[in-house]
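A.B. asks: Have a look at the structure that comes next, please.
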Amino acid sequence: MHDDHDDDHDHHHHDPEMEERIFKSDDFQHARSEMEKILIRPGVRASKNPTITRRVFIHKALLAGTAAGAAMAGWLPRINTFDVAYAQQGKPTETFRFAWISDTHLYPKEVNTRFVEKAVRAVQEVQAMNPPADFLIFGGDLAQLGDPVELELGAEILKEIKAKKYFIPGEHDWYLDMGATWNKMFGVSPWTFDHKGVRFIGLDTISRAADFWTVRKMSPKERMGHMATLDGGLGGAWAGVGVEQLDFMTKTLSNWPKDQPIIIFSHNPLYEYYPPWNFWVRDWQMVHEVLKPYTNVTNLHGHCHQVLYNEIGGIRSVGMLATSWPWPYAPEGVPQLTKPMTRVDPGDPFDGVGWGKMTFDPKKLEVGYDYMMWRQDIFSDSLADSGTGDNPTQHVYPRPEGR
Ligand SMILES: [Fe+2]
Ligand SMILES: [Fe+2]
């Protein structure tokens, strides 16, 4: 599969029967239990205190009128909110919100305006948030092929958001000039800051690939092309955190109370979701080792372009939506705690994509996550998916017109 999106619709080969067969096969179940033995240490899981409940809000939302009108009208369906209710008292008490946008994959305007429109729409909606976002995190893949024209277009679009902006890179932003333009325009990662009782860390998970291009005498464009391929063999296991950033995390967290909230931003998921598509970082076990002492860790990541939740040890991972296109779920390799949720509708370019809204309530020490998903109609409904004990079954049914 290639990230080559004149038509997003080529990427959906959803065959529920086949998936069911794979899922039920002995091989698959065996692989899963092997994986769990490695991933889930005995007696360790995301702390019960914070307790997690996950709410899903389904609104029958019919899209009418223009994007801008819709943004103003507040029609957006809110799905997949989960709360982290923290039973401990104390620490500053001010509710705040922040927004996530990632994976805009902008082409130059002459090539493709559809992704431009969606990025603009997300920006308008973030800017219209009321109460406003304290800051925006841009989670990488601003550009499609790392072209400075694309990065500048992205910066121009994001300028409309007046709140403070933080950036981490994606592989599509990087491999044309090895991050030179990105770092100059958006700053170098990793970084950290504290905000109202939460420690935030931004990681660069994309710049540490082994050099596969020099001996092959690849041009920067060819190198970028390989990195812009979902299942590219040459880029191989390019995603990683690296020793310096592991040290950075260790140092940054050494003075942080073990039970205080930590939110880590990364482009790639910090676990092994599906290596054939590079949905992982290769040194994820080391990352988990560094984070093991901390009991309230949330990782927000991009790159997978889909609704995704997972919990490994004490760490919960939330995959955020892309604005550009939704990837299908990986055919295998998802640890059991992940329950795939709402399937996307391949016939609707606004379905399965969007941005993210986070609300932190320090009175209860509670973080709420809203996927701001754009869709013309609701065809699927999930009460909960976090695998934390309060999860009724997922219900999926066809769109009314498809019945
Ligand atoms: Fe992406
Ligand atoms: Fe990516």
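A.B. asks: Run through all the Cα pairs of segment 183-298 and give the fraction in each 10 Å bin from 0, expressed as whole percent.
C.D. replies: 13, 40, 31, 13, 3
A.B. asks: What order do you get for 197-204, 237-244 when each peptide is scored by the mean count of other beta carbon atoms within 10 Å, highest first?
C.D. replies: The packing order, highest mean first, is 197-204, 237-244.
A.B. asks: How much net charge surrounds Thr214 when only other residues with a Cβ under 14 Å from its Cβ are counted (Lys, Arg +1; Asp, Glu -1)?
C.D. replies: Taking every other residue near Thr214 into account, the sum is +1.
A.B. asks: Heavy atoms only, probe 1.4 angstrom, no DNA, RNA or ligands counted: give me Lys118, Lys363 ranked by accessible area, highest first.
C.D. replies: Working: Lys118 0, Lys363 150 Å².
Greatest to least solvent exposure: Lys363, Lys118.
A.B. asks: Where does each of 257-266, 308-317 land if you order them by average Cβ count within 10 Å, highest first?
C.D. replies: Highest-to-lowest ranking by the protection proxy: 308-317, 257-266.
A.B. asks: Which whole-number value in Å² is the accessible area per residue of segment 198-239, probe 1.4 Å?
C.D. replies: Here the residues of segment 198-239 average 41 Å² of exposed surface.
A.B. asks: Greater than 22 Å separation of Cα atoms is the criterion. Which listed pairs, Lys196/Lys251; Lys251/Lys363; Lys109/Lys357, meet it?
C.D. replies: Lys251/Lys363; Lys109/Lys357
A.B. asks: Check which residues have an amide H placed less than 5 Å from Thr323's amide H, if you skip close sequence neighbours.
C.D. replies: Ser102, Thr104, Gly354
The values are calculated or read from the model by the stated rules, or taken from the named source; none is laboratory data. From a predicted model like this one, the values you see are computed outputs, not experimental measurements. Here Cβ is always computed from backbone atoms with ideal geometry, including for glycine, and neighbour counts include all displayed protein chains. All accessible areas refer to the heavy atoms of the entire protein, side chains included, with ligands and DNA or RNA removed. Shrake-Rupley method; radii C 1.70, N 1.55, O 1.52, S 1.80 Å.
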